[in-house]
């Protein structure tokens, strides 16, 4: 049983890792630390392996911008040089034009509001459920031990397969999309909250107990702050899965509205410029949502920087 | 998070210690109490399954839920047998398994190669990481209809969709894993004038393996989801396709059976990776 517990913990910690590299990898040269103090030139040369004067920020920026432009050019070139059928891959200008058409026809905003409502409800409900269940599992060891094999089984089930069942039960309206989003998105937050709450070390815990702290105090002053970084990562995964859930349900449902439905319809009619316009639009929204959460993450968990190591 | 930080971190409590500590339970156990404490969780765990089945039977008995949503328990068990023995089931199963397997292989290889490649060039790594992190936020499902329009209803579209879904976890964990080396080992290798390729081969890849396996475990789930979603969007075969057909026929017990089979596939693929990890990363203590 503790084996299953261990596996769940391991997976949750690994999903948390995408958090660390951004800081580790994008660290500026000359700011690497050893034993708590900044490295001197020789140490950095020895340990980091790069010359003390590493790539400048402007050079890095130039490379990433250059690559973006290069990819855009490639995208333009492929259909225009006749390498790919322009019907299947419209060039960026066609897509921009398609986006303009959609805006002019007043289609986009209506479907956007439908999809965003589904995602917002799904995430609000799924997130609350995930956090509450995670809190129960994280703070009551008995419940956690008893349920961990069931959680492991549920974790392995690809939850999208529940979508047809949910649509069958709730019909073609907004309810089925919200329910699908909830079913898919509550899980990562539950796991990350659960694991995070068990990460508090033995010594501070014993200290708080011996000072007569109540369970609530231990929870708010020790467990929750320790768990916060992992919980924020769970939030981010949940938002993205709420997107997936709502879109899967939209695409599966026969006749209805929403951006996912729009993409499916344009694809069936081979209106690829319009389909791509919606895809790019949706991608931009998802990226913005994650950036927003990253920003909140940095604001809420302001102490995280102290923990980030450099290598 | 560095390796040194990890070993410095104070150990967290085991469930038993935590339970006793929070409950303020300081007495030493009597013999009988110790036995109860030891076996009670196992007993309750085992008891939950029949309890759930009992609830199912009760809900059916009292007709609390419409039969289209919740079939009879015995019907669901029979449906499992019928679904598995039905004509063409092996074909659908093979199709879905190859979609998952090939998608996982393609996405995994590309993710590993790009992770190792990028980690060798710090400038490129710093330039591309934010871009790739941005791409990671795009839900892969928005591409599913496009991929199907391009590649058709057959196997190839599903493989590509699965590969797209499982590329990122492998790529990111590889990149992170390769940068999580013990400082002292790195120092030692540099002092002994190891070339950067030797450091990569003998140190970085080895210490990254546990992280990479963590990524692979996520990736196999993502590949499964990618394949199923892609089958939902448009397909001519596969278990996801079969699920939609049973849905169209309002055959809920068969849908329950298929969902159970998906669960089995999920657990088995996860256990397969666990097994491989134990064989390949043999020096690591099992959790």
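The values are calculated or read from the model by the stated rules, or taken from the named source; none is laboratory data. None of the values given here were measured: they were computed from a predicted structure. Using ideal geometry, Cβ is built from the backbone for each residue, glycine included, and neighbour counts are taken over all protein chains shown.
Can you tell me which residue is nearest to residue A:159 (Cα to Cα) among those in the stretch B:257-277 that are over 14 Å from the mean Cα position of the chain (by Cα) and within 8 Å of chain A (Cβ to nearest Cβ)?
Result: B:259.
Yes or no, residue by residue, for (1) more than 10 Å from chain B (Cβ to nearest Cβ); (2) touching a residue at least 24 places away in the same chain (Cβ under 8 Å); (3) within 21 Å of residue A:260 (Cβ to Cβ):
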{"site": "A:177", "(1), (2), (3)": "yes, yes, yes"}
{"site": "A:183", "(1), (2), (3)": "yes, yes, yes"}
{"site": "A:190", "(1), (2), (3)": "yes, yes, no"}
{"site": "A:206", "(1), (2), (3)": "no, no, no"}
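What number goes with the only condition from (1) within 11 Å of chain B (Cβ to nearest Cβ); (2) at pLDDT below 90 that residue A:173 does not pass?
Answer for residue A:173: the failing condition is (1).
Sort out which residues of the stretch B:168-183 are assigned to a helix (DSSP H, G or I), within 11 Å of chain A (Cβ to nearest Cβ) and either at pLDDT 85 or above or surrounded by 21 or more Cβ atoms within 10 Å (Cβ to Cβ) (or both), and write them in order of number.
Correct list: B:168, B:169, B:171, B:172, B:173, B:174, B:175, B:176, B:177, B:178, B:179.
State all residues of the stretch A:233-265 that are free of Cβ contacts under 8 Å to residues at least 60 places away in the same chain and more than 8 Å from chain B (Cβ to nearest Cβ); if no residue qualifies, say none.
Once the filter is applied, which keeps residues that are free of Cβ contacts under 8 Å to residues at least 60 places away in the same chain and more than 8 Å from chain B (Cβ to nearest Cβ), the stretch A:233-265 yields only A:265.
Only one of these conditions is not met by residue A:109: (1) away from chain B (no Cβ under 14 Å); (2) buried (at least 20 other Cβ atoms within 10 Å of the Cβ); (3) free of Cβ contacts under 8 Å to residues at least 24 places away in the same chain. Which number is it?
(2)
Can you tell me which residue in the stretch A:266-290 is modelled with the highest pLDDT, limited to those that are over 18 Å from residue A:72 (Cα atoms) and more than 9 Å from every other protein chain (Cβ to nearest Cβ)?
A:285
Where residues in the stretch A:60-96 are assigned to a helix (DSSP H, G or I), more than 28 Å from the chain's Cα centre (by Cα) and within 18 Å of residue A:267 (Cβ to Cβ), which of them is farthest from the other protein chains (Cβ to nearest Cβ)?
Of everything passing the filter in the stretch A:60-96, A:94 is farthest from the other protein chains (Cβ to nearest Cβ).
Looking only at helices (runs of 4 or more DSSP H) that lie completely in the stretch A:192-311, which have at least 1 residues being within 17 Å of the chain's Cα centre (by Cα)? Working first, answer last.
Details: elements: A:202-210, A:215-218, A:224-252, A:259-268, A:272-300, A:304-307.
Fully inside the stretch A:192-311 and qualifying: A:224-252, A:272-300.
Residue check: is residue A:136 crowded, with 17+ Cβ neighbours inside 10 Å and either in contact with a helix residue (DSSP H, G or I) (Cβ under 9 Å, 6 or more places away or on another chain) or part of a helix (DSSP H, G or I) (or both)?
For residue A:136, the condition - crowded, with 17+ Cβ neighbours inside 10 Å and either in contact with a helix residue (DSSP H, G or I) (Cβ under 9 Å, 6 or more places away or on another chain) or part of a helix (DSSP H, G or I) (or both) - is not met.
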